[in-house]
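Trainee: Before I ask anything, let me first share the structure, which is written out below as structure tokens.
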Amino acid sequence: MGQADNKRTGLVSCLMATLILIPGVMLPATASDFPVADKILVEKASRKLHLLSNGIAFRTFKIALGFAPDGTKVEEGDQKTPEGYYLLDGRNPDSEYFLSIHISYPNTADRMAAARKGVSPGGQIMIHGQPNNPTFSAGYYAREDWTNGCIAVSNSDMIDIWLMTPNSVPIEIRP
């Protein structure tokens, strides 16, 4: 580290210490400043995703669903968002959409239902933000169901969900 870097680091440290002492100065939020959900509840009919703590919703977000939102997902390509109990089981900061969190669909019941029909249940169901390379207007994504079965939110809402949900948190998706 050069002398200029040392001076810069010292200046930043001094400035931060000074700001902490000035009443009313707000420092940028960190992930630890946000409440953490112990469950997610999705209500497809009302197009809402709720973050819950001890059974109480502390944040609610408007969502978009698959192109064919009525009913539960049965097979790959049916454009439906699944219904049931799952977990958040993976994160992708570099997906085709602004951040994505994987939902553990299909579960055992989903696989059995698909097998009875002789079809693949599909997979890759996510909670995600808007497309990184949109093909429609921002208004379209805000008012239409447009996913292939995922749960989509605005990019700013996706940041909040990303910060407020730990891995393995349960998610219940209701009709």
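Trainee: Can you tell me how many residues in the stretch 116-175 are surrounded by fewer than 18 Cβ atoms within 10 Å (Cβ to Cβ), part of a helix (DSSP H, G or I), out of contact with any Lys or Arg (no Cβ under 7 Å at 6 or more places or on another chain) and not hydrophobic (A, V, I, L, M, F, W, C)?
Mentor: Counting residues in the stretch 116-175 that are surrounded by fewer than 18 Cβ atoms within 10 Å (Cβ to Cβ), part of a helix (DSSP H, G or I), out of contact with any Lys or Arg (no Cβ under 7 Å at 6 or more places or on another chain) and not hydrophobic (A, V, I, L, M, F, W, C) gives 7.
Trainee: For the stretch 32-49, how many residues meet the condition of being small (Gly, Ala, Ser), more than 14 Å from the chain's Cα centre (by Cα) and at pLDDT 95 or above?
Mentor: 2
Trainee: Every residue in the stretch 113-145 that is under 20 Å from GLU83 (Cβ atoms) and in contact with a Phe, Trp or Tyr (Cβ under 7 Å, 6 or more places away or on another chain), please.
Mentor: The answer is GLY123, ILE125, HIS128, ASP145.
Trainee: So how many residues does the stretch 43-69 have that are more than 20 Å from TYR140 (Cβ to Cβ) and among the charged types (D, E, K, R)?
Mentor: Of the residues in the stretch 43-69, 2 are more than 20 Å from TYR140 (Cβ to Cβ) and among the charged types (D, E, K, R).
Trainee: Quick one: in the stretch 55-68, which of the residues that are part of a loop (DSSP other than H, G, I, E, B) and in contact with a strand residue (DSSP E or B) (Cβ under 9 Å, 6 or more places away or on another chain) is nearest to PRO170 (Cα to Cα)?
Mentor: This residue is GLY55.
Trainee: Something else: HIS102 passes all but one of (1) out of contact with any Ser or Thr (no Cβ under 8 Å at 6 or more places or on another chain); (2) in a helix (DSSP H, G or I); (3) crowded, with 16+ Cβ neighbours inside 10 Å; (4) not charged (D, E, K, R); which number fails?
Mentor: (2)
The values are calculated or read from the model by the stated rules, or taken from the named source; none is laboratory data. Predicted model only: the values in this text are computed from it and were never measured. Backbone-built Cβ (ideal geometry, glycine too); neighbour counts: all protein chains shown.
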